[in-house]
Amino acid sequence: MRAALLHFSSRLLHLPASARYAITAGLSLSVIAYKYTLAGALPGADYIFVAPAAAICTVFLHTGIFATVLTASLTYIALVEPAWSLGGKDPSGSVGFIAFLFCGLLVTAATDLLHELLAETERLAEERRHIADEINHRTKNNLQIIAALLRSEARGMAPGGSYTYVLEAGARRLSIVGRVPGK
């Protein structure tokens, strides 16, 4: 499930910014429209109802501040009585608007920080993989050099001597280790 969400999120992030903001606006508007269809079923739950839409946009589309301000504003204008006006709003709706906006901006800041930390973690993991590959490559090269030096020493010794056999056997073993694939 986690891998599927990460894959889905990464695919959304490859969309142009204009497409991500359009999806955010569409989702926000559809939440308001859906709320109107449930007007009697969820009285007084205006901001709670649209909070998941803002959170989804923040997490998956990286449109956090825009999503928070848009969903809060649409909710305030469309759902707080009197609906579709800016004046004469119910004070509790205004307090809800401010609270939603404040909490949404905090969630956005935390989400942005988590996205930055995730990107940094991925960058560091890739750097570590690169360093491990480089160490593996250098180790193999060093083993090949040692094997070549042992062979050179063996050629300089008297043929059939016991040292020659030991040096050749060591060189063969080092060569084999040096040829083992890294991954």
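Filter the stretch 122-181 down to the residues that are at pLDDT below 75 and of a type in the set (Val, Ile, Thr) and list them by number.
Thr164, Val166, Val177, Val180
Could you count how many residues in the stretch 127-162 are surrounded by 12 or more Cβ atoms within 10 Å (Cβ to Cβ) and not aliphatic (A, V, I, L, M)?
So the answer is 8.
Looking only at the stretch 88-99, which residues are touching a Phe, Trp or Tyr at 6+ places or on another chain (Cβ under 8 Å) and either of a type in the set (S, T, N, Q) or not in a helix (DSSP H, G or I) (or both)?
From the stretch 88-99, those touching a Phe, Trp or Tyr at 6+ places or on another chain (Cβ under 8 Å) are 89, 93-94, 96-97, 99; that's our starting set.
Lys89, Ser94 - these are the residues of the stretch 88-99 that are touching a Phe, Trp or Tyr at 6+ places or on another chain (Cβ under 8 Å) and either of a type in the set (S, T, N, Q) or not in a helix (DSSP H, G or I) (or both).
Is there any pair linking a residue in the stretch 62-87 that is in a helix (DSSP H, G or I) to one that is of a type in the set (Gly, Ala, Ser), with Cβ under 6 Å and at least six apart or on different chains, and which?
Note: pairs meeting the criteria are Ala67/Ala54; Thr68/Ala54; Thr68/Gly104; Leu70/Ser28; Thr71/Ser28; Thr71/Ala53; Thr71/Ala54; Leu74/Ser28.
For the stretch 100-115, state whether one or more residues are in contact with a His (Cβ under 9 Å, 6 or more places away or on another chain), part of a helix (DSSP H, G or I), surrounded by 11 or more Cβ atoms within 10 Å (Cβ to Cβ) and among the hydroxyl-bearing types (Ser, Thr, Tyr).
Yes, because at least one residue in the stretch 100-115 is in contact with a His (Cβ under 9 Å, 6 or more places away or on another chain), part of a helix (DSSP H, G or I), surrounded by 11 or more Cβ atoms within 10 Å (Cβ to Cβ) and among the hydroxyl-bearing types (Ser, Thr, Tyr).
The values are calculated or read from the model by the stated rules, or taken from the named source; none is laboratory data. Note that the structure is a prediction, hence the values are computed from the model and not measured. Reconstructed Cβ throughout: ideal geometry from the backbone, glycine too, with neighbour counts over all protein chains shown.
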